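Below you'll find the structure, written out as C-alpha cells, and then a few comments.
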Amino acid sequence: MALEIVHYGDPILRKVCKPVEDFSTLSPLLDDMFDTMYEANGIGLAANQVGVDLNLFVIDISDIESEGESIHIFINGKIMDSGGESWFEEGCLSLPEVRLEVKRPEFIEFKYQDESGKEHKQKIDGLLARAIQHEMDHLNGIFIVDRVSSAVKMGVQKELKMIKKGTVTRAKDRKALVF
Ligand code: NI
C-alpha cells in the first residue's frame with residue numbers, strides 16, 4: 001500500500017532517525033515503502049519520508065544507466081569512508097519541483113544491515129553511491145538544499161515556501177531522478 005510522502009517543513013525530516021532494533025516487524029513497512037516509491041516514480045525512499053523514525057531506506061535503480069536489476073534495502077547504514085567527487089542533478093520526493101546539481105563523493109565504503117539483520121560492508125560507486133548518500137542525508141535530517149551554496153538555495157526559496165505551505169505536493173517534471 002502506498003503511503004503519504006512527507007515534505008520539506010515536516011519536523012521528522014530534520015531528525016536523526018533511530019536505529020532499527022527489531023527486524024522481525026519490518027516486512028510490511030518495507031513493502032509499503034517500495035509501493036510508495038514506485039507510485040511516485042522515485043528511485044529511493046527513506047523511512048522518515050513516510051513519517052517513520054527509523055534508520056532504513058529502499059532503492060531501485062534497475063535499468064537506469066543500464067545497471068540491470070538493482071533493488072536494495074539498507075538498514076542502520078553508515079558511510080565509513082568516501083572519496084572522489086561528482087556532480088549530478090538530483091530531485092527529491094520531499095521537495096517537489098526542486099532540482100539541484102549536487103556535489104558528492106564519487107565512491108563510498110558503506111556498512112549496513114539487511115532485512116534479516118545481517119551486517120555487510122561494501123565499496124559502492126556510481127548512481128547507487130549517489131542514491132545511498134541522498135537517503136543517508138534524509139536519515140540525518142539533511143536535504144539537497146543544504147548541500148548547495150547559499151546563492152543556489154536562494155534561487156529556490158519560492159519553491160521551498162510553496163512546499164512548506166502545501167501548495168506544491170507533487171512534481172510535474174519527471175526528467176530528473178528523484179529520491
Ligand atoms: Ni529525497
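Values computed for the structure shown
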{"item": "Test: residue in segment 48-69 that is in contact with an Asp or Glu (Cβ under 6 Å, 6 or more places away or on another chain) and farther than 18 Å from residue 113 by Cβ", "result": "yes"}
{"item": "Residue check, residue 38 within 16 Å of the ligand (Cβ to nearest atom) and within 19 Å of residue 71 (Cα to Cα)", "result": "yes"}
{"item": "Count of residues meeting criterion [out of contact with any helix residue (DSSP H, G or I) (no Cβ under 7 Å at 6 or more places or on another chain) and charged (D, E, K, R)] in segment 81-105", "result": "6"}
{"item": "Odd one out for residue 105, checked against (1) over 16 Å from the mean Cα position of the chain (by Cα); (2) surrounded by 15 or more Cβ atoms within 10 Å (Cβ to Cβ); (3) away from the ligand (no atom under 16 Å from the Cβ)", "result": "(1)"}
{"item": "Residues (of a type outside the set (Lys, Arg) and surrounded by 14 or more Cβ atoms within 10 Å (Cβ to Cβ)) located in segment 1-18", "result": "2, 3, 5, 6, 7, 8, 9, 10, 12, 13, 17"}
{"item": "Test: residue in segment 153-166 that is at pLDDT below 95, at positive phi, more than 16 Å from the ligand (Cβ to nearest atom) and over 14 Å from the mean Cα position of the chain (by Cα)", "result": "yes"}
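The values are calculated or read from the model by the stated rules, or taken from the named source; none is laboratory data. Note that the coordinates shown come from a computational prediction; the quantities given were computed from them, not determined experimentally. In this analysis, Cβ positions are derived from the backbone assuming ideal geometry, glycine residues included, and neighbour counts consider all displayed protein chains.
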